[in-house]
Number of protein chains: 2
Amino acid sequence: MAKSAEQVVAEAPPDARLAPASETSGGPDGTAEVDSTRSRILDVALDLFVEKGYDRTSLREIAERLGVTKAAIYYYFSSKDDILMALHMRLHEVGREALGRLARGPVSVALWADLLDEVMGEMLAQRSLFLLHERNQAALEKLHGTQHGIVHDAEHEDLQQAFHRVLADKSVPLRDRIRMACSFGAVFACLFMAGDAFADVSDDDLGDQVRSAVRDLLGV
Amino acid sequence: MAKSAEQVVAEAPPDARLAPASETSGGPDGTAEVDSTRSRILDVALDLFVEKGYDRTSLREIAERLGVTKAAIYYYFSSKDDILMALHMRLHEVGREALGRLARGPVSVALWADLLDEVMGEMLAQRSLFLLHERNQAALEKLHGTQHGIVHDAEHEDLQQAFHRVLADKSVPLRDRIRMACSFGAVFACLFMAGDAFADVSDDDLGDQVRSAVRDLLGV
DNA sequence: GTCTATATAGGGATAGAC
DNA sequence: GTCTATCCCTATATAGAC
């Protein structure tokens, strides 16, 4: 939205660490924007990272599936970690406003229910991004540990980090904290851990049922 | 390669693929059995695999932390995958009787609640083993894809596989299936995804609260 | 049973032609 | 922008001494 402060030029720049939010995001409106090589790299990488895991995916595989060579990838990304970082930024963007609401104001089960509802929508629309995050925690942790403090500084808190912080907040009653964790887990399990067990259910139906479960858990 | 088919030399030491249930399992009785090098390798490997991920952990690290060399490890395990497999078998053993009850008889939310209660106890007692499983899905999937069909055949169904099967069982009402997934996710989130957010809570208190949440979800 | 030394492979990354 | 060719490093795994 209004945060495209530094929107870099279109195509020339390699090492585009500052343009994280303008690829083929299969957004709610379904607009598949640019089909540049850079975004295609990210799409293929996302698929592979989710399917085989980051560490078990080589740049050669990404390049082959794309019909280019490894060296071509290095024109757009300075390292393999850089690709992961770019994908991480996509996810980051997704949870931005939910994060904002979590940062301001006191935490309550009511707010939590509201946020969870919103986040669930994003999860349904961007399953792969969340799966990437879930299935490559080790790699992402290393990413945090290293450099790139420019774009991923303290103000840019992770959704996961924020959730953690809230769940550990002792000013919130223990029962509520646990119920919040449970409700998140309930959503998470249905959308990501169930695999294709609910493939016969539409996203809308699934969403409704899960929302109902969340309400029961949070008592709202 | 490491495709040693049906090696099975009936000696005591190396390649003990057939003795999965006799290491230092911190079992319910708390008996820390043998402190053999083999079991110490598994303990250290478990810690590292959980902490850094299987793919990011080298045999050199395991050896160093143990005060031996890589070659020593190969005396006890035929490959790195073999170590992961041995740990996987530990977990396998843990969920054995829960699996049996799931295999027999019809599935119901009541049975599910019962099993979940039981499994939660195991989870609390063997957190690392479950974390290993959660954080190294990619590696474990590859393990399934390859050989070792001897010990890990069709009859030895995975807990995860069994859960999947039940959740996909269309003879169970959709609402129940979803509630079952939710309840598992609720447990999972509190025990494994919350990190140290609930470090201030005793396992007993945590267990009670989670059980309460599960009851609300399943309506039992 | 544990070591030293080594074989072998593959991955990430860079240089420079086109 | 993409390619070919190559460097360098680390990892798994093996051979054989002690």
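The values are calculated or read from the model by the stated rules, or taken from the named source; none is laboratory data. Just so it is clear, the structure is predicted and the values come from calculations on it, not from any experiment. In this analysis, Cβ positions are derived from the backbone assuming ideal geometry, glycine residues included, and neighbour counts consider all displayed protein chains.
Worth pointing out:
- Scanning region A:39-77 for residues that are more than 14 Å from chain B (Cβ to nearest Cβ) and among the acidic types (Asp, Glu), we see that the one that is nearest to residue B:53 (Cα to Cα) is A:43.
- Flag if residue A:43 is in contact with a Ser or Thr (Cβ under 7 Å, 6 or more places away or on another chain), away from DNA strand C (no atom under 16 Å from the Cβ) and either modelled with pLDDT of 95 or more or in a helix (DSSP H, G or I) (or both): yes
- Filter result for residue A:117 (more than 16 Å from DNA strand C (Cβ to nearest atom), of a type outside the set (Phe, Trp, Tyr) and assigned to a helix (DSSP H, G or I)): yes
- Filtered residues of region B:134-181 (kept if more than 10 Å from chain A (Cβ to nearest Cβ), modelled with pLDDT of 90 or more and in a loop (DSSP other than H, G, I, E, B)): B:171, B:172, B:173
- Only residues that are farther than 30 Å from residue B:118 by Cβ and either exposed (fewer than 15 other Cβ atoms within 10 Å of the Cβ) or of a type outside the set (Phe, Trp, Tyr) (or both) were counted in region B:42-80, giving 24.
- Some residue of region A:2-24 being at pLDDT 95 or above and within 13 Å of DNA strand D (Cβ to nearest atom): no
- Selection count, region A:182-195, where residues are at the interface with chain B (Cβ under 7 Å from one of its Cβ atoms) and either assigned to a loop (DSSP other than H, G, I, E, B) or aromatic (Phe, Trp, Tyr) (or both): 4
- Residues in region B:55-89 that are modelled with pLDDT of 95 or more and away from DNA strand C (no atom under 16 Å from the Cβ): B:84, B:85, B:87, B:88.
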